[in-house]
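Asker: Before I ask anything, let me first share the structure, which is written out below as structure tokens.
Computed from the coordinates by the stated procedures, all read-outs in this text should not be read as laboratory data. In this text the structure is predicted, and so the values were computed from the model without any measurement. All Cβ positions, even for glycine, are placed from backbone atoms using ideal geometry, and neighbour counts span all protein chains on display.
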Amino acid sequence: LVSRKVKSEDTVLDIDGVRIGGDAPPIIVAGPCSIESEDQMEQTAAFLAAKGVKILRGGAYKPRTSPYGFQGMGVDGLILGSRVAKEHGMLFVTEVMDTRDVEIVAEHADILQVGARNMHNFALLREVGRSRRPVLLKRGLSATIEEWLYAAEYILSEGNSEVILCERGIRTYEKWTRNTLDLSAVAIAKQETHLPVIVDVTHAAGRRDLLIPLAKAALAVGADGIHVEVHPSPATALSDNEQQLDFAGYDKFSDSLSGLLRQP
Ligand code: PEP
Ligand code: MN
């Protein structure tokens with residue numbers, strides 16, 4: 001179902017007037033790694049909305065390496081994220097980690113995110129496939145392109161055709177980046193499937209200084225959007241402090257991409 005052999009024309013999602021894929025201009029998905037407080041979300045959404053960003057991200061359920069790391073605000077985070085996004089005329093995307101939470105997350109979020117660590121969670125894929133919300137599907141940490149596309153197939157096969165593929169870097173032997181951004185996967189996914197494909201530069205790089213060149217490269221190979229983490233004060237963030245952009249950093253980031261973002 002994801003293949004261009006089945007459907008040759010690009011799938012263009014229209015989520016409350018925000019178009020993603022095909023001839024739509026590339027979109028930006030931005031916001032903090034974790035939803036931490038009302039003040040943090042309010043400041044971030046106000047800033048990003050003023051810059052024209054239409055999709056606000058923020059994790060309420062966080063897949064942390066350590067069980068002792070900040071695990072997210074849960075339902076309170078969902079309520080906060082969706083309210084703040086709505087107040088600023090933005091869509092809200094957040095990760096769902098557990099089949100038991102799909103219903104509540106779908107109640108609050110405009111887009112359900114399946115994280116890299118859950119790309120192989122077939123029960124979760126089926127469950128989001130049964131929901132009425134579009135799904136942002138991250139590529140697994142060491143998933144092949146084929147496995148990633150089959151994960152999308154799980155969602156489509158349950159009747160949900162609104163899937164956005166997201167390349168976020170894969171695990172390699174390289175240590176100077178957190179993950180290795182696989183631009184071939186973006187080009188192949190665009191060629192082989194009709195689905196929108198976006199690139200998460202934040203989790204790919206794991207370091208701030210590479211976000212601009214990686215985003216430029218992603219757009220050059222045909223990505224339909226860029227996912228980037230933005231926090232009012234990255235140094236004090238409860239997760240991913242090495243790679244989130246502060247507001248000045250985001251300004252520089254979006255200025256550097258402005259020519260490419262306007263291009264259809
Ligand atoms: C995230 O986007 O919040 C996240 C945890 O990313 P990933 O699943 O790609 O690691
Ligand atoms: Mn993060």
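Asker: In whole Hz, what ³J(HN,Hα) sequence does segment 190-200 give by Karplus (6.51, -1.76, 1.60; θ = phi - 60°), x for Gly and Pro?
Answerer: 5, 6, 8, 10, 9, 7, x, 10, 10, 10, 8
Asker: Which entries of LYS216/LYS252; LYS54/LYS216; LYS62/LYS252 have Cα-Cα distances beyond 22 Å here? Spell out each step's value before the answer.
Answerer: Working: LYS216/LYS252 13 Å; LYS54/LYS216 19 Å; LYS62/LYS252 28 Å.
Pairs exceeding 22 Å: LYS62/LYS252.
Asker: Give me the one-decimal nm value for the distance between modelled label points at ALA50 and ARG207, 7 Å along each residue's Cα-to-Cβ direction.
Answerer: 3.2
Asker: Averaging sequence separations of C-alpha pairs under 8 Å and six or more residues apart, then dividing by the length of the chain, give the relative contact order as a whole percent.
Answerer: Across the chain, relative contact order equals 20 percent.
Asker: Compute the Cα gyration tensor for the chain, then decide on rounded, prolate or oblate, letting a ≥ b ≥ c be the square roots of its eigenvalues: rounded whenever a/c is under 1.5, prolate when a/b is larger than b/c in the other cases, and oblate in all that remain. Please report the intermediate quantities before stating the final value.
Answerer: On the way: a/c = 1.28, a/b = 1.14, b/c = 1.13.
Rounded, since a/c falls under 1.5.
Asker: Continuing with this model, one more query. Grab the other residues whose beta carbon is less than 12 angstrom from that of ILE145, score K and R as +1, D and E as -1, and report the net.
Answerer: Once positives and negatives cancel, what remains is -3.
Asker: Amide H to amide H under 5 Å from HIS227: which residues, 5+ apart in sequence or cross-chain, H placed 1.01 Å off N in plane?
Answerer: Amide H neighbours of HIS227: VAL29, VAL199, ASP200, VAL201.
Asker: Please label the shape of segment 164-264 as rounded, prolate or oblate, based on the square roots a ≥ b ≥ c of the eigenvalues of the alpha-carbon gyration tensor (a/c under 1.5 means rounded; beyond that, a/b larger than b/c means prolate, else oblate).
Answerer: Oblate is the answer for segment 164-264, as a/c is 1.5 or above yet b/c matches or exceeds a/b.
Asker: Let me ask something else. Given the C-alpha centroids of segment 1-76 and segment 164-217, what is the distance between them in whole angstrom?
Answerer: Cα centres, segment 1-76 to segment 164-217: 16 Å.
Asker: So, one more: Assigning unit charges at the beta carbon (Lys, Arg +1; Asp, Glu -1) and nothing else, what dipole magnitude in debye, to the nearest 20, does segment 1-135 show about its Cα centre? The partial results should precede the final answer.
Answerer: Working: 17 positive and 18 negative charges, 117 e Å.
Once rounded to the nearest 20, the dipole reads 560 debye.
Asker: Follow-up question, since we're still on this one. Taking the Cα centre as origin and putting +1 on Lys and Arg beta-carbons and -1 on Asp and Glu beta-carbons, what dipole magnitude results for segment 187-264, to the nearest 20 debye?
Answerer: That gives a dipole near 240 debye.
Asker: In terms of Cα to Cα distance under 19 Å, which lysines are near enough to LYS7, apart from those fewer than 8 places away along the same chain?
Answerer: Cross-link targets: LYS190.
Asker: Also, quick follow-up: Would you please give the residues with an amide H less than 5 Å from that of GLN113, counting only those at least 5 places away or on a separate chain, with H modeled from the backbone geometry?
Answerer: Under 5 Å from the amide H of GLN113 lie the amide H atoms of THR94, GLU95, VAL96, LEU136, each far enough along the sequence or on another chain.
Asker: Report, in debye and to the nearest 20, how large the dipole of the chain comes out about its Cα centre when Lys and Arg carry +1 and Asp and Glu carry -1 on their Cβ.
Answerer: So the magnitude is around 480 debye.
Asker: Related question: Which of VAL93, LEU1, GLN71 sits closest to the plus end of the dipole of the chain, meaning its Cα is farthest towards the positive end, when Lys and Arg get +1 and Asp and Glu get -1 on the C-beta?
Answerer: Toward the positive end, the furthest listed residue is LEU1.
Asker: In whole Hz and in residue order, list the ³J(HN,Hα) couplings for segment 202-216 that follow from phi through the Karplus curve 6.51 cos²θ - 1.76 cosθ + 1.60, θ = phi - 60°; x for Gly and Pro.
Answerer: 5, 6, 5, 7, x, 8, 5, 5, 9, 5, 5, x, 5, 5, 4
Asker: Now for a separate question. For SER34, enumerate residues with amide H under 5 Å from its amide H, sequence gap 5+ or separate chain, H modeled in the peptide plane.
Answerer: GLY59, SER239
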